[in-house]
Amino acid sequence: AGAPDGTPAPIVGAGAAVPLPALARQSAARGLGGLEWAVGIPGSVGGAVRMNAGGHGGDIAACIESATVFDLRTGRSGVRGPDDLALGYRTSAVGPDDVVVGARLRCAAVDPDRARSELDAVVAWRRENQPGGQNAGSVFANPSGPAGPSGEEPGAGALIDGLGLKGHRLGTAHVSEVHANFIVADPDGSADDVAELIDFLADRVLAATGTRLRVEVRRVGFGAGDG
Ligand SMILES: Cc1cc2nc3c(=O)[nH]c(=O)nc-3n(C[C@H](O)[C@H](O)[C@H](O)COP(=O)(O)OP(=O)(O)OC[C@H]3O[C@@H](n4cnc5c(N)ncnc54)[C@H](O)[C@@H]3O)c2cc1C
């Protein structure tokens, strides 16, 4: 979609390795808005396409024009549009043999000062509502879909919190006191403890509420649960 007068939306092209916070800030500084939601997500453009990263009411699906994907099976790269990418809530059709090498994202012309205020608001919200320390972001997808702009909808964190599990510790990992959908690992923490705590929380929520939580983080090196 472009401007109401029919002017096409400006496009930002970014390589897959570009960090999302840099993408959001550099676009906003040039008067290219619509990516402010990404400023607090510590990931890359490539990972964001694969995961359909999002927050604060925005996500990759809402702004992607196309992605260039290198197929490890064929050794060829091609341009994929939104239909091929099939972006869902933290899911996509980008598979384990696909390497996203870049993306073209639709923006909207904005006043850079206004965009900067929006960036500041997103950063402030995250500082207040999400933990620091060693964590992998939201552990579980929210059962009812993405949270809205202020993230106030009850989600996976509320279900875990409702069982009194904030602060619950398993070895070197514990459920954040700030937000129950985050697991914080000790500085010398082990991935096994984090993985065990994830399974424990999913089991407890299933037993208590009947809700089967979907793990949002991608686990590597754990066999069947790898994603
Ligand atoms: C503190 C914290 C907060 C977070 N907040 C959010 C949030 O608000 N919203 C959100 O959506 N996510 C959030 N995340 C999760 C994560 O940062 C995002 O999903 C991010 O977009 C993933 O990018 P990455 O480069 O870190 O990918 P990784 O986490 O390294 O990988 C994620 C998946 O993408 C694949 N992948 C990575 N790069 C490519 C590529 N170039 N081509 C193909 N596949 C690739 C990996 O194989 C893996 O399956 C958060 C994480 C942390 C640690």
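The values are calculated or read from the model by the stated rules, or taken from the named source; none is laboratory data. All values reported here derive from a predicted model rather than from experimental measurement. Positions of Cβ are generated from backbone atoms using ideal geometry, with glycine treated the same way; all protein chains shown enter the neighbour counts.
Inside the range 47-65, can you point out the residues that are over 17 Å from Ala136 (Cβ atoms), part of a helix (DSSP H, G or I) and within 12 Å of the ligand (Cβ to nearest atom)? Steps first, answer last, please.
First, pick out the residues of the range 47-65 that are over 17 Å from Ala136 (Cβ atoms): 49, 56-65.
After this cut, where a residue has to be part of a helix (DSSP H, G or I) as well, the list is 49, 60-63.
Scanning the range 47-65 gives Val49, Ile60, Ala61.
Per-residue answers, yes or no, for (1) more than 12 Å from the ligand (Cβ to nearest atom); (2) in contact with a His (Cβ under 7 Å, 6 or more places away or on another chain); (3) of a type in the set (A, V, I, L, M, F, W, C):
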residue	(1), (2), (3)
Val94	no, no, yes
Asp113	yes, no, no
Pro131	no, yes, no
Ala156	yes, no, yes
Phe182	no, no, yes
Ser190	yes, no, no
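Of all the numbered requirements in (1) among the β-branched types (Val, Ile, Thr); (2) crowded, with 22+ Cβ neighbours inside 10 Å; (3) near the ligand (Cβ under 9 Å from one of its atoms), Val101 misses one, and that requirement is (2).
Residues that are of a type outside the set (A, V, I, L, M, F, W, C) and in contact with a helix residue (DSSP H, G or I) (Cβ under 6 Å, 6 or more places away or on another chain) were ranked within the range 4-37; the one that is farthest from the ligand (Cβ to nearest atom) is Gly31.
Scanning the range 147-165 for residues that are modelled with pLDDT of 90 or more and over 17 Å from the mean Cα position of the chain (by Cα) gives Ala158, Leu159, Ile160, Asp161, Gly162, Leu163, Gly164, Leu165. The residue pairs whose first member lies in the range 205-220 and is touching a residue at least 24 places away in the same chain (Cβ under 8 Å) and among the hydrophobic types (A, V, I, L, M, F, W, C), whose second member is away from the ligand (no atom under 13 Å from the Cβ) and assigned to a loop (DSSP other than H, G, I, E, B), and whose beta carbons are closer than 9 Å, counting only pairs six or more residues apart or on different chains, are Val205/Leu163; Val205/Leu165; Val205/Thr211; Val205/Arg212; Val205/Leu213; Ala208/Leu163; Leu213/Pro143. Only one of the listed residues (Ala17, Ala9, Ala28) is touching a residue at least 60 places away in the same chain (Cβ under 8 Å) and either touching a Phe, Trp or Tyr at 6+ places or on another chain (Cβ under 9 Å) or in a loop (DSSP other than H, G, I, E, B) (or both). That residue is Ala9.
Here the condition is being of a type in the set (Lys, Arg), within 11 Å of the chain's Cα centre (by Cα) and at pLDDT 95 or above; of Arg116, Arg80, Arg50, it holds for Arg50 alone.
When Val205, Val194, Val175 are checked against the criterion of being crowded, with 18+ Cβ neighbours inside 10 Å, farther than 25 Å from Pro42 by Cα and outside the structural domain of Glu118 (by TED's automatic domain parsing), a single residue qualifies: Val205. Close Cβ contacts (under 8 Å, 6 or more residues apart or on different chains) running from residues in the range 147-162 that are more than 19 Å from Ile198 (Cα to Cα) to residues that are crowded, with 18+ Cβ neighbours inside 10 Å and at pLDDT 65 or above comprise Ala147/Gly55; Ala147/Gly155; Pro149/His56; Ser150/His56; Gly151/Gly55; Gly151/His56; Glu153/Asn142; Glu153/Ala147.
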